[in-house]
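A short worksheet on the structure shown next.
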Amino acid sequence: MIEDSAGVAARVAEARKLRGWSQQRLAAETRGAGTPVSLGLIQSVEQGKRAATPAFVAACAKALRITAAELLGQPYMPSTAEDREVHAAIALLRTEMAAWDMEDPDIAVRPIATLSRDVLAARKLRRDASSPKLAAVLPSLMTETRTLMYRSVGNDREQVGALLAELYYNARSMAHKLGYPDLAAIAVDRMTWAANESGDNLWIAAAQFHRASLLTSGGDWKTAMTYLERCRTEFENRLGVGDESDLIAWGGLHLQSGLAAARGGRRDLVDMHLIEATETADRLRSGDSDEILVFGPTNVGIWGVALAVESLDSATAIRRADKLYIPTETPRSRSGHHYIDLARAYQLQGSRDRVMGSLMTARALAPSMVRFHPMVHETVRMMAREDARRTDSVRGFAAWCGIAL
């Protein structure tokens with residue numbers, strides 16, 4: 001269990017009061033920071049009438065000159081042995097990434113083929129949102145792979161670079177989900193370096209995807225969209241060839257552009273990027289088999305629901321979800337996230353009875369991810385505020401998430 005004793009509403013109010021700002025002043029400051037939030041929305045969130053969205057949190061954090069994680073209350077304090085072990089890995093990852101440009105002279109490394117099997121096993125743990133198991137193996141695996149990188153040359157070094165990019169991707173995923181944005185940013189930087197060392201265009205695109213995600217999470221949506229546009233030009237001239245990795249990179253970068261547009265209130269651009277991604281996914285001969293960006297028809301469908309939720313268009317989100325089939329082999333990190341988004345859509349629509357069903361489905365698919373997800377916390381808090389009776393199911397789910405109601 002984790003402990004979350006206050007919601008975003010209380011933290012926003014406290015942060016602005018510490019600056020001596022009124023709600024009107026906060027609204028003005030968000031406009032000045034280029035991420036405008038209306039006075040009415042600030043009032044509604046602080047009064048508990050509206051759930052805080054990622055866009056709202058990023059905009060307020062930018063204006064208040066603090067991190068989004070601070071407003072979200074992350075990292076949530078662990079209170080079970082399993083959660084403590086997950087968080088304990090963060091210190092090891094931080095130290096490991098500080099040693100990125102040197103080998104460990106005291107360890108023996110295994111052959112690339114042997115190491116590769118363990119790296120791919122770690123990838124599966126990430127894709128299945130198995131944070132406790134991933135935390136147990138990731139730090140030592142990163143140390144060994146880093147050391148092998150500096151003992152390799154030529155093609156071998158490129159292969160190990162791709163393995164190291166995967167491991168930094170895993171580190172970024174853990175740091176992001178647990179609420180350590182500074183470490184997530186370092187992991188993306190290291191991932192970018194390893195991807196460039198590998199020479200693999202798809203890994204390079206994956207690093208670009210996550211760099212843009214940092215910009216979007218920080219409320220710098222215009223910069224994120226400009227950066228992604230620049231990144232896509234590297235692939236555009238090759239699209240006619242139909243190389244699968246180029247198509248995956250192109251489509252994945254369009255999805256990230258759609259998210260930046262949605263967070264920035266550019267609904268006119270959201271659908272444009274989603275259509276481009278959908279058409280690109282339809283060109284893939286490999287279907288949903290991409291294991292790096294998880295780009296394919298199913299994940300584009302999941303993103304379609306998410307982008308509608310981020311645009312606060314619950315009707316479109318639910319309509320798309322009703323038409324979406326998610327195969328059982330879809331990574332649980334993606335299918336679990338879909339049901340979190342669907343719960344948010346039902347809450348926006350006012351279908352309270354269906355919110356809990358979606359959250360329970362998400363929990364069954366990816367319990368660790370759901371327990372640590374800040375939008376789950378916001379959704380549950382809103383359910384509790386809307387239901388004065390606080391039903392057993394809401395209380396029980398809140399307790400499992402570590403939310404003090």
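The values are calculated or read from the model by the stated rules, or taken from the named source; none is laboratory data. Since the structure is predicted, the reported quantities are computational estimates derived from the model, not experimental observations. Cβ coordinates were reconstructed from backbone atoms using ideal geometry, including for glycine residues, and neighbour counts include every protein chain displayed.
List of remarks:
- Exactly one residue out of Leu239, Leu247, Leu293, Leu284 is farther than 30 Å from Tyr180 by Cβ, surrounded by 18 or more Cβ atoms within 10 Å (Cβ to Cβ), aliphatic (A, V, I, L, M) and out of contact with any Ser or Thr (no Cβ under 6 Å at 6 or more places or on another chain), and it is Leu284.
- In a residue-by-residue description of region 27-37, the property of being free of Cβ contacts under 8 Å to residues at least 12 places away in the same chain and out of contact with any His (no Cβ under 8 Å at 6 or more places or on another chain) applies to at least one position.
- Of all residues in region 17-65, those satisfying the criterion of being part of a loop (DSSP other than H, G, I, E, B), over 25 Å from the mean Cα position of the chain (by Cα) and polar (S, T, N, Q) are Ser22, Ser38, Gln47.
- Top-ranked residue of region 3-20 - restricted to ones that are surrounded by fewer than 17 Cβ atoms within 10 Å (Cβ to Cβ) and touching a residue at least 40 places away in the same chain (Cβ under 8 Å), ranked as farthest from Tyr76 (Cα to Cα): Arg19
- For region 177-187, the count of residues that are β-branched (Val, Ile, Thr) and surrounded by 24 or more Cβ atoms within 10 Å (Cβ to Cβ) is zero.
- Complete set of residues in region 98-114 that are more than 27 Å from the chain's Cα centre (by Cα) and assigned to a helix (DSSP H, G or I): Ile112, Ala113, Thr114
- Filter pass, Gly402 being within 15 Å of Gly73 (Cα to Cα) and surrounded by fewer than 22 Cβ atoms within 10 Å (Cβ to Cβ): yes
- Single residue of region 298-338 satisfying the filter (under 18 Å from Ala52 (Cα atoms) and among the hydroxyl-bearing types (Ser, Thr, Tyr)) that is farthest from the chain's Cα centre (by Cα): Ser314
Per-residue answers, yes or no, for (1) closer than 27 Å to Glu310 by Cα; (2) crowded, with 21+ Cβ neighbours inside 10 Å:
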residue	(1), (2)
Ala58	yes, yes
Ala61	yes, yes
Ile66	yes, no
Leu71	yes, yes
Ala81	no, no
Arg84	no, no
Ala88	no, no
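- Restricted to region 31-43, and to residues there that are under 25 Å from Val376 (Cβ atoms) and at pLDDT 95 or above, the residue that is surrounded by the fewest Cβ atoms within 10 Å (Cβ to Cβ) is Gln43.
- Qualifying residues in region 342-390 (those that are in a helix (DSSP H, G or I) and of a type in the set (Asp, Glu)) - the one nearest to Asp322 (Cα to Cα): Asp353
- Taken together, Thr67, Thr114, Thr147 contain a single residue that is free of Cβ contacts under 8 Å to residues at least 40 places away in the same chain and β-branched (Val, Ile, Thr), which is Thr114.
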